[in-house]
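The values are calculated or read from the model by the stated rules, or taken from the named source; none is laboratory data. The structure presented is a predicted model; accordingly, all values stated were derived computationally and were not measured. For neighbour counting, all protein chains shown are included, and Cβ atoms are generated from backbone atoms with ideal geometry for every residue, glycine included. These area figures cover heavy atoms from the full protein model, side chains too; ligands, DNA and RNA do not enter into them. Shrake-Rupley method; radii C 1.70, N 1.55, O 1.52, S 1.80 Å.
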Amino acid sequence: MTYETTLAQLAKKQPASIYLITGDQPYLTQRLKAAFIEMIPEAERTMNYASYDMETTPLASALDDAMSAPFFGEKRLVFIERAYFLTTETHKGSKVEHDMDGLMSYLTHPEPTSVVVFFANSGKLDSRKKVVKTIKKAAEVISLEAVAEPQIRSLVQQDLKQSGFEMTTSALNLLIQRTGSNLSLIMNELPKLKLASEDTRQIDDQIVGELVTKSLDQNVFDLVNDVMGKRIGAALNLYRQLILTKEEPLKINAVLVSQFRLLIQTKILTKNGYSQGTIASTLKVHPYRVKLALQSIRHLQLQHLRRAYLGLIQIERSLKSTSQDPMMLFELFMLKYLDQVA
């Protein structure tokens, strides 16, 4: 079941008995939670709505609640948060015991007047587990994975329209670029942008440029382009800025390695006829990252990408095994890379 279909279903107050929500999309998760809660009349929520955190509360407590009849209402709503026992994650430090047999029993015979929503937003579902196989059959599964750019644009425009604001196309492009097309980051930035444009109700490039800082991924994307474009001065300056803003050199290098790996993989897959969507699903990366990668590799040679990648791997080894200055290591990498591709 899709996110949109679920919202429509809840708006009609025709919910299923069991839902399973997966994927790390905080904004969409919060909107779904609000829609579920809205389904219960406000006067009945105190008695007919409860949320249970599986890291601190036994599953049996939530199931006992779910099996209870609603109190002077038609439906009871139970949220089962951080259901890590459905995923590949392990919580060895947790002393909470969960009754899997009780869960299996409930999934087989759910209470018709209760709506139970499992949130497994971190980690991947462990399809080897019997309980996961059972819940997939019993529940409406809503996967909140990477959100495509068109949907992000639509959600932003919906939010702006509802609050009486407008944003130019170029400003929206810049916002998407600076946040790396991360929906939750974008939605967190909107209140700040609205406040700054309260008088005109128009959000333009200047406002976005002044108030929205680039993410590390976006800075690294610019850094990669400077490296591949042989712009040594710009590359060194941007790397220095990242160090000055207290970004860890190993973290910067790790993101650089990841980006060059993506460029190499995208280059190879493109040569083999893969489309943007197929590349994203094959590599399991956000479609927006693939879109940017495709733009970057048009004029790049595969052997140059490989040399840069191997050079960054060497930096990683040096950072882990020596106390050499990260700035000096990156400068030596740039000089060596330029000498190799000259």
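Listing for the model above:
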{"item": "Any hit, the stretch 105-126, residues being touching a residue at least 24 places away in the same chain (Cβ under 8 Å), open to solvent by 30 Å² or more (accessible area, probe 1.4 Å) and on the phi > 0 side of the Ramachandran plot", "result": "yes"}
{"item": "Any chance residue 214 is more than 24 Å from residue 188 (Cα to Cα) and at pLDDT below 90", "result": "no"}
{"item": "From 233, 311, residue being modelled with pLDDT of 90 or more, open to solvent by less than 30 Å² (accessible area, probe 1.4 Å) and part of a helix (DSSP H, G or I)", "result": "311"}
{"item": "Tally of residues being within 11 Å of residue 72 (Cβ to Cβ), out of contact with any Lys or Arg (no Cβ under 7 Å at 6 or more places or on another chain) and in contact (Cβ under 8 Å) with a residue 12 or more places away in the chain across the stretch 36-50", "result": "3"}
{"item": "The stretch 129-166, residues that are farther than 18 Å from residue 179 by Cα and β-branched (Val, Ile, Thr)", "result": "131, 132, 134, 135, 141, 142"}
{"item": "Top-ranked residue in the stretch 207-230 [being among the charged types (D, E, K, R) and in a helix (DSSP H, G or I); ranked as surrounded by the most Cβ atoms within 10 Å (Cβ to Cβ)]", "result": "226"}
{"item": "Any hit, the stretch 126-149, residues being more than 30 Å from residue 64 (Cβ to Cβ) and assigned to a helix (DSSP H, G or I)", "result": "yes"}
{"item": "Restricting the stretch 51-61 to residues that are under 29 Å from the mean Cα position of the chain (by Cα) and touching a residue at least 40 places away in the same chain (Cβ under 8 Å), the residue that is nearest to residue 106 (Cα to Cα)", "result": "59"}
{"item": "When residues of the stretch 42-80 are limited to those that are assigned to a loop (DSSP other than H, G, I, E, B) and among the aliphatic types (A, V, I, L, M), the one most open to solvent (accessible area, probe 1.4 Å)", "result": "67"}
{"item": "Residue under evaluation residue 264, criteria (1) surrounded by fewer than 19 Cβ atoms within 10 Å (Cβ to Cβ); (2) in contact with a Pro (Cβ under 8 Å, 6 or more places away or on another chain), criterion not met", "result": "(2)"}
{"item": "Test: residue in the stretch 284-291 that is modelled with pLDDT under 95, of a type outside the set (Lys, Arg), exposed (fewer than 15 other Cβ atoms within 10 Å of the Cβ) and in a helix (DSSP H, G or I)", "result": "no"}
{"item": "Residues that are of a type in the set (Ser, Thr, Tyr) and under 23 Å from residue 291 (Cα atoms), drawn from the stretch 175-204", "result": "179, 181, 184"}
{"item": "Residue match in the stretch 6-20 (condition: open to solvent by less than 60 Å² (accessible area, probe 1.4 Å), under 20 Å from the mean Cα position of the chain (by Cα) and modelled with pLDDT of 95 or more)", "result": "yes"}
{"item": "Filter result for the condition that a residue is open to solvent by 10 Å² or more (accessible area, probe 1.4 Å), of a type in the set (A, V, I, L, M, F, W, C) and under 18 Å from residue 207 (Cα atoms), over 190, 175, 185", "result": "185"}
{"item": "Residue that is farthest from residue 101 (Cα to Cα) [pool: residues in the stretch 22-41 that are outside any helix (DSSP H, G or I) and at pLDDT 90 or above]", "result": "41"}
{"item": "Any hit, the stretch 329-336, residues being among the aliphatic types (A, V, I, L, M), loosely packed, with under 13 Cβ neighbours inside 10 Å and either in contact with a Pro (Cβ under 6 Å, 6 or more places away or on another chain) or farther than 23 Å from residue 218 by Cα (or both)", "result": "yes"}
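Residue by residue, here is whether (1) under 20 Å from residue 219 (Cα atoms); (2) touching a residue at least 40 places away in the same chain (Cβ under 8 Å); (3) of a type in the set (D, E, K, R) holds:
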site: 243; (1), (2), (3): yes, yes, no
site: 246; (1), (2), (3): yes, no, yes
site: 251; (1), (2), (3): yes, no, yes
site: 269; (1), (2), (3): no, no, no
site: 284; (1), (2), (3): no, no, yes
site: 293; (1), (2), (3): yes, no, no
site: 327; (1), (2), (3): yes, yes, no
site: 339; (1), (2), (3): no, no, yes
